[in-house]
Amino acid sequence: MSQQDNRGSITKLFDRMTLSWRLMADGRVSLMHKLIPPLALLYVLSPIDFVPEILLGPFGVVDDIGLAILALEFFIRTAPSEVVREHLADLQRRYYSDKRKNTSEDDIVEGQYRYRE
């Protein structure tokens, strides 16, 4: 990333989900790759777990969430890289252009600086 990314983890997760959604709709991504997110969702919804909720209570859900996040990341990393780069560039362009739209003249501070050694 060329610009500093200081967004929170939830926002980044939402961005990854948005990217995955866009890749699912892209015809250049193979059907085999497109099976990864639905299979992960099927696992999350199924009663079969690696770590049952009965043993660990609410912490048993962690394996479901972790597997879903790993599956999305695996889907993104195994999709054609040029397609992923294209969608990432478009998403970043939208994010940073929205930030610039919300900036008014009052938010800009002009100044000078000197570099001293």
Looking across the stretch 36-57 at residues that are outside any loop (DSSP other than H, G, I, E, B) and among the β-branched types (Val, Ile, Thr), the single one that is modelled with the highest pLDDT is ILE36
Tell me whether the stretch 21-35 contains one or more residues that are at pLDDT below 75, of a type in the set (Gly, Ala, Ser) and loosely packed, with under 10 Cβ neighbours inside 10 Å. no
Selection within the stretch 66-98 - free of Cβ contacts under 8 Å to residues at least 40 places away in the same chain, of a type in the set (A, V, I, L, M) and closer than 18 Å to TRP21 by Cβ: ALA68, LEU70, ALA71, ALA89
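The values are calculated or read from the model by the stated rules, or taken from the named source; none is laboratory data. Since the structure is predicted, the reported quantities are computational estimates derived from the model, not experimental observations. Positions of Cβ are backbone-derived with ideal geometry, glycine not excepted, and every protein chain shown enters the neighbour counts.
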